[in-house]
Amino acid sequence: MIAGATGTGKSVCINAILLSLLYQNSPEDLGLVLVDPKRVELSFYKNIPHLLAPVVVEPSRAVRVLEWAVKEMSDRLRLLEEAGSKDITSYNEKVSKGKIREIEDKETKTYHHEPFPKMPYIVIVIDEMADLMITQGKQVEKLIVRLAQLARAVGIHLIISTQKPSVEAITSLIKSNINTRIAFRVSNNMDSRIILDKSGAEKLLGRGDMLYSSVESMNLKRIQGVYVSEKEVEKGTDFYIKQANRNGFVRDDSLSQSLEEDINQPPVKGGLFDQGKEERDELFETAKQLILEKRRASTVFLQKELEIGRAHVWTPVTEYDI
């Protein structure tokens, strides 16, 4: 989790992390999914071979990315169980040694053998968390918490950032499940406590000056972040694009295909804020039927008929009631 005010080094930090990942991992070992609601921060990476799908700029599609990640996480956990591995590192070691899996054909009721598929690491970067939480808050929070709890073992990692460190964007559930946090300079003590649960970020100097919190250390570490210019980012991404073209690399694996299929699904009927029938209140159908029968609708009417939304009046017990 990366948070801080505008102009303090947040975007430069994300670029430095992404370039470090590109330097150390080939497209076969790493897949990137970039979510950029502002449309300008991550545009440098739009043609790199590591991308599993084009840069996502719409909030509704960003939710589908997280849903796909949860589904992919579940599939990978089943593969780990089948292979007898506890994490992606031991799993890929067994794959490199030629471990074979047995698959049953349900139609012919026969078995055939094939090698376990290799698991590339997946890194999902969400550049502006606050915009996403405003439009799809409850759904996004559940998906992020689910990924933060279980996805690390199967090589799926999240990098989320926001320039508005509010309790609506960084909820207590998200904070309790994401322990590695970076705070750049913020405007006040309250913002620092929202990000780090401690004060101090309001006293930073800016320009890459950060406080780092992780599971390994209980104390905050003050670090000066590296500076990566836009020209350096362009040079790095251009190199990987040319290298992929020179080697004839084309990403057409099942991983990117499944992601693009999920992202390109038609929007849910009812608009951006429709959460589906399963998200409705349990009394919704009862209230709808009551309104149709009585042919009237008001807050007071529903409160009286359904006995909701009203404070209960408790009468004290006296000696005459006993």
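The values are calculated or read from the model by the stated rules, or taken from the named source; none is laboratory data. Just so it is clear, the model here is predicted, and its values are computed rather than measured. Here the Cβ positions follow ideal geometry from the backbone for every residue, glycine too, while neighbour counts run over all protein chains shown. Surface accessibility is based on the protein's heavy atoms, side chains included, excluding ligands, DNA and RNA. Shrake-Rupley method; radii C 1.70, N 1.55, O 1.52, S 1.80 Å.
Key figures for this structure:
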item: All positions within the range 150-179 that are of a type in the set (S, T, N, Q), in contact (Cβ under 8 Å) with a residue 40 or more places away in the chain and either assigned to a helix (DSSP H, G or I) or touching a strand residue (DSSP E or B) at 6+ places or on another chain (Cβ under 7 Å) (or both); result: Ser161, Thr162
item: Among residues of the range 145-185, those that are within 20 Å of Ile17 (Cβ to Cβ), open to solvent by less than 30 Å² (accessible area, probe 1.4 Å) and of a type in the set (Ser, Thr, Tyr), counted; result: 2
item: Test: residue in the range 70-85 that is at pLDDT 90 or above and not in a helix (DSSP H, G or I); result: yes
item: Count of the range 1-27 residues which are assigned to a loop (DSSP other than H, G, I, E, B), more than 13 Å from Tyr240 (Cβ to Cβ) and either open to solvent by 30 Å² or more (accessible area, probe 1.4 Å) or of a type outside the set (A, V, I, L, M) (or both); result: 6
item: Scope the range 194-219; condition more than 14 Å from Met1 (Cβ to Cβ), at pLDDT 90 or above and either open to solvent by 90 Å² or more (accessible area, probe 1.4 Å) or among the aliphatic types (A, V, I, L, M) (or both); matching residues; result: Lys203, Leu204, Leu205, Arg207
item: Number of positions in the range 220-265 that are free of Cβ contacts under 8 Å to residues at least 24 places away in the same chain, open to solvent by 50 Å² or more (accessible area, probe 1.4 Å) and under 30 Å from Ser192 (Cβ atoms); result: 4
item: Test: Pro117 is without any contact (Cβ under 8 Å) to a residue 60 or more places away in the chain and closer than 27 Å to Phe249 by Cβ; result: yes
item: Where a residue in the range 38-53 is open to solvent by 20 Å² or more (accessible area, probe 1.4 Å) and its partner, wherever it lies, is hydroxyl-bearing (Ser, Thr, Tyr), with Cβ under 6 Å and at least six apart; result: Glu41/Ser11; Phe44/Thr237
item: Meets criteria (open to solvent by less than 40 Å² (accessible area, probe 1.4 Å) and farther than 14 Å from Ile156 by Cβ) for Ser85; result: yes
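For (1) at pLDDT 95 or above; (2) surrounded by fewer than 19 Cβ atoms within 10 Å (Cβ to Cβ); (3) not in a helix (DSSP H, G or I), each residue gets a yes or a no:
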| site | (1), (2), (3) |
| --- | --- |
| Lys94 | no, yes, no |
| Glu104 | no, yes, yes |
| Thr108 | no, yes, yes |
| Tyr111 | no, yes, yes |
| Ile124 | yes, no, yes |
| Gln136 | no, no, no |
